[in-house]
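Read the structure below first, then the notes.
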Amino acid sequence: MSPTPHKSVSDGDSVDTGLAEDVDPVQLALNRARAAARQRGLRPGSPAASPGTAAARRAASRRAGDLRSGARPDARDPQPLGSGIDRLVTDRGWQAPVAVGGVIGRWPAVVGEEIAGHCTPESFADAVLTVRADSTAWATQVRLLLPQLIRRLTEEVGEGVVRTVVVLGPTAPSWRRGPRSSPGGVGPRDTYG
């Protein structure tokens with residue numbers, strides 16, 4: 001039902017009210033408010049949102065396509081510490097050093113208790129793992145087992161991470177200092193001879 005224009009005369013002046021007597025002015029105001037709300041993108045029945053309220057901000061963000069964290073997990077939710085560390089290791093390119101560090105930390109489980117009791121890893125740099133044995137006999141034994149050791153390390157850390165294993169024997173004592181060294185001497189040849 002559309003309002004029909006009606007003119008009323010008061011004190012001899014003609015004024016156009018735009019309404020007929022059978023149209024309720026409150027209903028007309030409500031219809032105008034609903035039309036204005038539809039133009040702004042609000043749905044009938046949704047809570048009225050004034051520009052500064054949280055409801056208005058939520059409605060504006062939905063219209064703008066701004067996604068908010070909700071019932072389903074997404075990247076903005078708090079993440080487990082492990083996944084954050086994995087992302088850091090990947091972003092920095094630390095996969096190989098971290099993998100070798102894990103092998104060094106689990107050395108007895110990787111090489112076996114007997115070998116781990118006589119041989120310890122010292123360093124890893126440029127795909128070279130340096131291992132020190134506690135005797136020359138064990139150093140020789142580990143050198144003979146290098147193909148199996150490299151295969152086991154490849155299973156643990158991946159292909160090409162550890163390309164070479166250097167096996168060192170025990171360090172020899174220094175004859176330069178001590179109670180039986182001679183001043184200006186050149187080593188054991190001076191004491192025995």
Looking only at region 100-138, count every residue that is under 19 Å from P170 (Cα atoms) and small (G, A, S) and tell me the total.
6
Residues (of a type in the set (A, V, I, L, M, F, W, C) and more than 17 Å from L168 (Cβ to Cβ)) located in region 139-151:
none
Give me a count of the residues in region 111-168 that are without any contact (Cβ under 8 Å) to a residue 60 or more places away in the chain and assigned to a helix (DSSP H, G or I).
27
Counted residues in region 103-162 being out of contact with any helix residue (DSSP H, G or I) (no Cβ under 8 Å at 6 or more places or on another chain) and among the β-branched types (V, I, T) come to 7
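Coordinate-derived values only; no laboratory data. Note that this is a predicted model, so its numbers are computed, not measured. Methodologically, a virtual Cβ is constructed for each residue, glycine included, from the backbone with ideal geometry; neighbour enumeration extends over all protein chains shown.
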